[in-house]
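Below are the structure tokens for one structure; questions will follow.
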Amino acid sequence: MSWINQFLGAKPLVSLLDIAIVWFIIYRMIMYAQRTRAMNVLQGVAVIFVAKSISQAVGLQTIDWVLNQIISWGVIALIILFQPELRRVLENLGRNLFTSRSSKRNPSEDLIEDLETSLLYMSKRKIGALISIEAEDPLEEFISTGIDLESEISSQLLINIFIPNTPLHDGAVIIHNFKIAAASCYLPLSESKTIPKELGTRHRAAIGLGEATDALTLIVSEETGAISVVKHDFLHRDLDREALHNLLVKYLYEEEKANNRDLWQYLKDFFAIEGKFKRRSKNG
């Protein structure tokens, strides 16, 4: 146990807290990157650091100098390139730390209820609809193609948007931060050859967005009234009320709840594990 005391120093609790915070930051960065295209960037950064270590050990001075310049300026470049993602991280951090969860209904529950009501209503009347809910990947480039609304979500508003022959019915509604950001948006069409031919432009657009982002997209077929859900490049077709509810809960509530695991819960779990480790060490 002497090496543990030497590692933790004179203030073991402070050292443990320091380690826990660093682990939490690294953990959140990896979990966030896994759900976005930022993982490719992190892999590239890892390759650069490995190459720098090798060049420094071997003595490749020119390559080492070039890599030093890339690392020095790369931090600024990453901040510029990932400005929307960094803003989202800070927004989530502020919301998770300073918003009380015990006394408020989770906004995902209200969103699920409004989506279910509107989709089932439109399905029964064969009103075509296309609704995309932003997840971790930003959808600003697609929001900019539509008409800005920035309005509160309600089932009545969603239904009215897709009523045929109205100005906003053609295109997709995009939901960002529990608000309707824009309507009549254009989504990228998938060029996959595996999409069944009986599926129309709405389904192809939903799959196209799923191939490019982690957004959740909901479709109501104008021809059949069938409800479909797309997440990534996976299509759930012909959903009934129960199947629709289960998928919405899975993608909009359970995943968000897991992703928003706050720092205090993490520290609680960490010290619980550390306590078990100390007890085992004493018993051993």
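Name the pairs whose Cβ atoms lie under 7 Å apart, with the first residue in region 62-81 and farther than 20 Å from GLN43 by Cβ, the second surrounded by 10 or more Cβ atoms within 10 Å (Cβ to Cβ), and 6 or more positions between them or separate chains?
Filtered contacts from region 62-81: ASP64/LYS52; ASP64/SER55; ASP64/GLN56.
Condition check ((1) at pLDDT below 95; (2) within 28 Å of LEU149 (Cα to Cα)) across all residues:
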{"position": "LYS193", "(1), (2)": "yes, no"}
{"position": "LEU199", "(1), (2)": "yes, no"}
{"position": "ARG202", "(1), (2)": "yes, yes"}
{"position": "VAL229", "(1), (2)": "no, yes"}
{"position": "HIS232", "(1), (2)": "yes, yes"}
{"position": "ASP240", "(1), (2)": "yes, no"}
{"position": "ALA243", "(1), (2)": "yes, no"}
{"position": "ASN246", "(1), (2)": "yes, no"}
{"position": "ASN260", "(1), (2)": "yes, yes"}
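On the given criteria, is GLN56 open to solvent by 70 Å² or more (accessible area, probe 1.4 Å), modelled with pLDDT under 75, of a type in the set (S, T, N, Q) and in a helix (DSSP H, G or I)?
Considered against the rule, which asks whether it is open to solvent by 70 Å² or more (accessible area, probe 1.4 Å), modelled with pLDDT under 75, of a type in the set (S, T, N, Q) and in a helix (DSSP H, G or I), GLN56 comes out as no.
Would you call GLY225 part of a loop (DSSP other than H, G, I, E, B) and open to solvent by less than 10 Å² (accessible area, probe 1.4 Å)?
Answer is yes for this residue.
Residues are listed down the side, and each one gets a yes or a no for (1) outside any loop (DSSP other than H, G, I, E, B); (2) open to solvent by 40 Å² or more (accessible area, probe 1.4 Å); (3) in the same structural domain as THR217 (by the TED database); (4) hydroxyl-bearing (Ser, Thr, Tyr):
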| site | (1), (2), (3), (4) |
| --- | --- |
| ASP137 | no, no, yes, no |
| GLN156 | yes, yes, yes, no |
| LEU187 | no, no, yes, no |
| THR194 | no, yes, yes, yes |
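Which one of ILE207, ILE219, ILE153, ILE174 is of a type in the set (A, V, I, L, M, F, W, C) and touching a His at 6+ places or on another chain (Cβ under 8 Å)?
When all the criteria are applied, what remains is ILE219.
Right, something else. Is it true that some residue in region 99-108 is buried (at least 17 other Cβ atoms within 10 Å of the Cβ) and at pLDDT below 95?
yes
Looking at LEU248, LEU209, LEU216 in this structure, which one is surrounded by 22 or more Cβ atoms within 10 Å (Cβ to Cβ) and in contact with a Pro (Cβ under 7 Å, 6 or more places away or on another chain)?
LEU209
The values are calculated or read from the model by the stated rules, or taken from the named source; none is laboratory data. Remember, predicted model here, so these are calculated numbers, not experimental data. As a convention, Cβ positions derive from the backbone with ideal geometry for all residues, glycine included, and neighbour counts pool all protein chains shown. These accessible areas exclude ligands, DNA and RNA; they are computed on the full protein's heavy atoms, side chains included. Shrake-Rupley method; radii C 1.70, N 1.55, O 1.52, S 1.80 Å.
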